[in-house]
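First comes the structure, then the notes that go with it.
The values are calculated or read from the model by the stated rules, or taken from the named source; none is laboratory data. The structure presented is a predicted model; accordingly, all values stated were derived computationally and were not measured. FYI the Cβ positions are ideal-geometry reconstructions off the backbone, even for glycines, and counts take in every protein chain you see.
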Amino acid sequence: MVSHLYTDKYPTLTLMGSPGCGKGTQSKYMQERLGFLHISTGDLIRSAIEREEKEALEFKDLMKEGKLVPDAFIHRLLNKHLDKIRQKDAQPHGLILDGYPRNTQQAQQMKHLVDENNLSFLGMIYIYVPDDVVFERMLNRTDDNGNQRSDDQEQTIRERIRIFHEKTFPLIDFYRKEYQVAQIDGLGSPEDVFNRITPVVQEWHIPSTQKAESA
Ligand code: ADP
């Protein structure tokens, strides 16, 4: 692990793909095995709802319908969470943004988020899984306690996939212009997918000075 080389700038990448493509699972693997810290905007919203925060409760229905919640709310949650991470003693080797950004406005705003929080943005990993496969996955998945997520209902799944194509997918081109984008085949076992992601992360995570030395 090479975190000390970055002083206080966290190398940060975003994991994107349609709902059910495996972003959460891969982020968990990257956290456990590569020392990244997983930040899921979906999880941040669900926790805020569980804590019954007033603003979050207002957006509970939007989430249930598979719609995006307002950008300003997402940014408040993210900034608060990043502040908390900095205050902790144990510092991560890098950050994975799972499920963020999801539209052009968030992608624009992410530049400020990166600057204000002293992050070093590496690029986007896009996990590709065909719609019919993610649809089946989400209909059939349950959490560790055997519970289905409230937004994993047929109509909501269709809406989430529709929104992904309309608002999130176009970000790939946006990112290609300025950053690195890697497309990963998301079919197969979670281990298979992780084995495809790891070399990309290792390549991006090494600072250019180190690459030059080891070349
Ligand atoms: P999935 O990727 O399977 O949709 P998430 O947990 O990432 O699962 O997101 C669940 C829901 O949370 C989304 O459908 C949306 O309502 C809300 N959400 C998560 N991230 C964002 C975001 N960056 N912007 C707006 N809404 C979000």
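Going residue by residue through the range 116-124, is there one that turns out to be within 13 Å of the ligand (Cβ to nearest atom) and of a type outside the set (S, T, N, Q)? No, the range 116-124 has no match at all. Look at (1) more than 15 Å from the chain's Cα centre (by Cα); (2) at pLDDT 95 or above and you find that LEU34 fails only one, number (2).
Per-residue answers, yes or no, for (1) within 12 Å of the ligand (Cβ to nearest atom); (2) modelled with pLDDT of 95 or more; (3) within 23 Å of VAL200 (Cβ to Cβ):
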site	(1), (2), (3)
LEU5	no, no, yes
ASP8	no, no, no
MET16	yes, yes, yes
ARG51	no, yes, no
ASP71	yes, yes, no
GLN87	no, no, no
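For the range 135-185, a residue qualifies if it is in a loop (DSSP other than H, G, I, E, B), within 17 Å of the chain's Cα centre (by Cα) and closer than 22 Å to ILE45 by Cα, and exactly one does: PHE169. Among the residues that make up the range 92-103, is at least one of them of a type outside the set (A, V, I, L, M, F, W, C), more than 8 Å from the ligand (Cβ to nearest atom), farther than 28 Å from ARG196 by Cβ and at pLDDT below 95? Within the range 92-103, not a single residue is of a type outside the set (A, V, I, L, M, F, W, C), more than 8 Å from the ligand (Cβ to nearest atom), farther than 28 Å from ARG196 by Cβ and at pLDDT below 95.
Taking the range 18-44 as the search range and keeping residues that are polar (S, T, N, Q) and near the ligand (Cβ under 8 Å from one of its atoms), which one is nearest to VAL133 (Cα to Cα)? For the range 18-44, the residue satisfying everything is SER18.
Can you find, within the range 65-89, the residue that is surrounded by the most Cβ atoms within 10 Å (Cβ to Cβ) among those that are hydrophobic (A, V, I, L, M, F, W, C) and over 27 Å from ILE157 (Cβ atoms)? Checked the range 65-89; the qualifying residue surrounded by the most Cβ atoms within 10 Å (Cβ to Cβ) is LEU82. The single residue among PHE135, PHE121 that is touching a helix residue (DSSP H, G or I) at 6+ places or on another chain (Cβ under 7 Å) and over 24 Å from TRP204 (Cβ atoms) turns out to be PHE135.
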